[in-house]
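A short write-up of the structure that comes next.
The values are calculated or read from the model by the stated rules, or taken from the named source; none is laboratory data. Since the model is a prediction, treat every value here as computed from it, not as a measurement. For neighbour counting, all protein chains shown are included, and Cβ atoms are generated from backbone atoms with ideal geometry for every residue, glycine included.
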Amino acid sequence: MSLELEHDCPVCGESKTFYKAGSTTMYLGTKVKWHCPDCDYGFVRIDGTVDTSTTA
């Protein structure tokens with residue numbers, strides 16, 4: 001898995017290169033935390049099943 005991810009940052013209002021802040025394996029799959037380098041915004045993805053950066 002890559003250490004960087006291109007993603008839209010809702011706080012900065014533009015596309016940023018997020019960095020991988022950590023990952024762990026859990027019963028749902030691999031949990032990866034991503035953070036914006038310019039602000040405090042971060043989100044979590046778990047094997048494509050869970051993505052906290054999207055709205056319901």
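Brief remarks follow.
- Filtered residue count, region 26-56, keeping only those that are over 10 Å from the mean Cα position of the chain (by Cα) and either modelled with pLDDT of 95 or more or not hydroxyl-bearing (Ser, Thr, Tyr) (or both): 11
- In region 29-56, the residues that are without any contact (Cβ under 8 Å) to a residue 40 or more places away in the chain form Cβ pairs under 7 Å with partners that are of a type in the set (Gly, Ala, Ser) and outside any strand (DSSP E or B), at six or more places apart or across chains, as follows: Phe43/Ser53.
- If you check Val44, Val50, Val11 for being β-branched (Val, Ile, Thr), out of contact with any Leu (no Cβ under 6 Å at 6 or more places or on another chain) and surrounded by 15 or more Cβ atoms within 10 Å (Cβ to Cβ), only one passes: Val44.
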